[in-house]
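Student: I have a structure here, written as structure tokens, and I will follow up with some questions on it.
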Amino acid sequence: MTNCETEEQETKEHAKSQFFSQNDLATIDKDKIPHHVAIIPDGNRRWAKDLKKESLEGYPFGIESGITCIRAAKELGIKVLTVYTFSTENWGRPKAEVLTYLKIVEGYLRKYQQKLIDYGIRFNVIGNLELLPSPLVHLINESKEVTKHCTDFDLVLAVNYGSRDEICRAVRKIVNDCLTQKISPDTLTEESIAHYLDTSRWPDPDLLIRTSGEKRVSNFLLWQSSYTELYTDEVLWPDFTPSHLLSAVCDYQSRQRRRGGGTYN
């Protein structure tokens with residue numbers, strides 16, 4: 001393909017963009033798009049409170065923002081998006097609120113299951129699913145099965161996920177494999193330990209975004225985010241738009257990534 005043909009193809013791709021103008025796309029380096037982006041979508045309940053609504057009313061708006069963000073991320077060339085959907089600590093909220101929220105998640109997953117296939121999005125979940133309502137677990141497994149052939153983009157929802165819980169579960173598996181002599185403790189490395197984590201099939205996040213101005217990682221991907229670039233935004237999650245995502249990617253691209261004493265891309 002000639003340079004002219006390449007430029008013509010890129011122009012056509014930009015013209016088809018649903019979320020970004022050509023000027024928007026010109027602000028980023030397509031060769032430095034973060035492969036894996038993780039998001040803590042904070043501020044749903046605060047958003048509802050600011051609008052004099054019930055706390056739960058913020059979640060559907062937040063999920064709609066998430067759906068838009070997923071499509072925008074795919075359009076930018078991001079390959080993996082991991083979203084903190086429900087934490088192990090969230091069980092401490094009122095039971096009625098928790099069950100209603102999980103029902104909302106189930107409803108949206110059911111509604112958009114076919115869209116995942118249409119958009120070429122492979123669906124996955126990390127976390128301990130044992131405590132979740134059985135209809136939701138069934139739908140999660142079904143969605144994973146019907147999208148497993150999709151390879152354009154990986155959407156990973158962290159549901160009943162806590163990084164310390166994940167590490168505890170991984171340690172139990174490692175101890176069991178040592179006791180049954182499947183592995184030797186002497187052979188354990190960072191890479192082999194990572195193999196036991198929920199996220200073993202994906203590379204570590206390049207960029208972690210948290211909304212609502214909070215600056216904590218909140219027990220999210222602690223092992224995996226050791227060298228992840230952190231980006232916080234004051235916007236509450238239901239108001240998060242593709243423009244906010246673009247700003248995060250631009251900020252990421254402006255940084256010189258460091259691991260220990262060296263730099264890397």
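Student: Can you spot a residue in segment 42-60 that is closer than 24 Å to S226 by Cβ, touching a residue at least 24 places away in the same chain (Cβ under 8 Å) and either surrounded by 15 or more Cβ atoms within 10 Å (Cβ to Cβ) or not acidic (D, E) (or both)? First the steps, then the outcome.
Tutor: Going residue by residue through segment 42-60, those that are closer than 24 Å to S226 by Cβ are 42.
Pick out the ones that are also touching a residue at least 24 places away in the same chain (Cβ under 8 Å) and you get 42.
Filter once more, keeping what is either surrounded by 15 or more Cβ atoms within 10 Å (Cβ to Cβ) or not acidic (D, E) (or both): 42.
Yes, the conditions are met somewhere in segment 42-60.
Student: Which of the residues spanning segment 76-89 are crowded, with 20+ Cβ neighbours inside 10 Å and over 16 Å from I140 (Cα atoms)?
Tutor: Listed by number, the residues that qualify are L76, I78, V80, L81, S87.
Student: Identify, by number, the condition in (1) in a helix (DSSP H, G or I); (2) closer than 30 Å to E57 by Cβ that C250 doesn't meet.
Tutor: The one condition C250 does not meet is (2).
Student: Pairs, please: C-beta under 9 Å, at least 6 apart or cross-chain, first residue closer than 11 Å to N124 by Cβ and in segment 138-152, second part of a helix (DSSP H, G or I) and among the basic types (K, R)?
Tutor: These pairs meet every condition: S143/R110.
Student: Restricting attention to segment 90-101, which residues are surrounded by 11 or more Cβ atoms within 10 Å (Cβ to Cβ) and more than 18 Å from the chain's Cα centre (by Cα)?
Tutor: Our first condition is that a residue be surrounded by 11 or more Cβ atoms within 10 Å (Cβ to Cβ); within segment 90-101, this holds for 90-91, 93, 97-101.
Selection gives W91, R93, E97, V98, L99, T100, Y101.
Student: So is D165 touching a residue at least 60 places away in the same chain (Cβ under 8 Å) and closer than 23 Å to V217 by Cα or not? Break it down into steps so the answer makes sense when it comes.
Tutor: Numbers: touching a residue at least 60 places away in the same chain (Cβ under 8 Å): yes; closer than 23 Å to V217 by Cα: yes.
Considered against the rule, which asks whether it is touching a residue at least 60 places away in the same chain (Cβ under 8 Å) and closer than 23 Å to V217 by Cα, D165 comes out as yes.
Student: Let me ask something additional. For segment 200-256, name all the residues that are polar (S, T, N, Q), surrounded by fewer than 16 Cβ atoms within 10 Å (Cβ to Cβ) and over 17 Å from the mean Cα position of the chain (by Cα).
Tutor: Result: S243, S254, Q256.
Student: In segment 145-161, which residues are within 18 Å of the chain's Cα centre (by Cα), exposed (fewer than 14 other Cβ atoms within 10 Å of the Cβ) and not acidic (D, E)?
Tutor: Looking only at segment 145-161, we keep the residues that are within 18 Å of the chain's Cα centre (by Cα), and these are 147-148, 150-161.
Remaining after also requiring exposed (fewer than 14 other Cβ atoms within 10 Å of the Cβ): 148, 151-152.
Answer for segment 145-161, where residues must be within 18 Å of the chain's Cα centre (by Cα), exposed (fewer than 14 other Cβ atoms within 10 Å of the Cβ) and not acidic (D, E): K148, T151.
Student: Consider only pairs whose beta carbons are under 7 Å apart and that are at least six residues apart or on different chains; among these, list those whose first residue lies in segment 215-232 and is over 17 Å from L197 (Cα atoms) and whose second residue is small (G, A, S) and in a loop (DSSP other than H, G, I, E, B).
Tutor: Pairs that qualify, where the first residue is over 17 Å from L197 (Cα atoms) and the partner is small (G, A, S) and in a loop (DSSP other than H, G, I, E, B), are V217/S225; T232/G213.
Since every read-out is calculated from the coordinates, none of them should be taken as a lab result. All of these numbers come straight from a predicted model, not from anything done at the bench. Glycine gets a Cβ as well: all are built from the backbone with ideal geometry, and neighbour counts include every protein chain shown.
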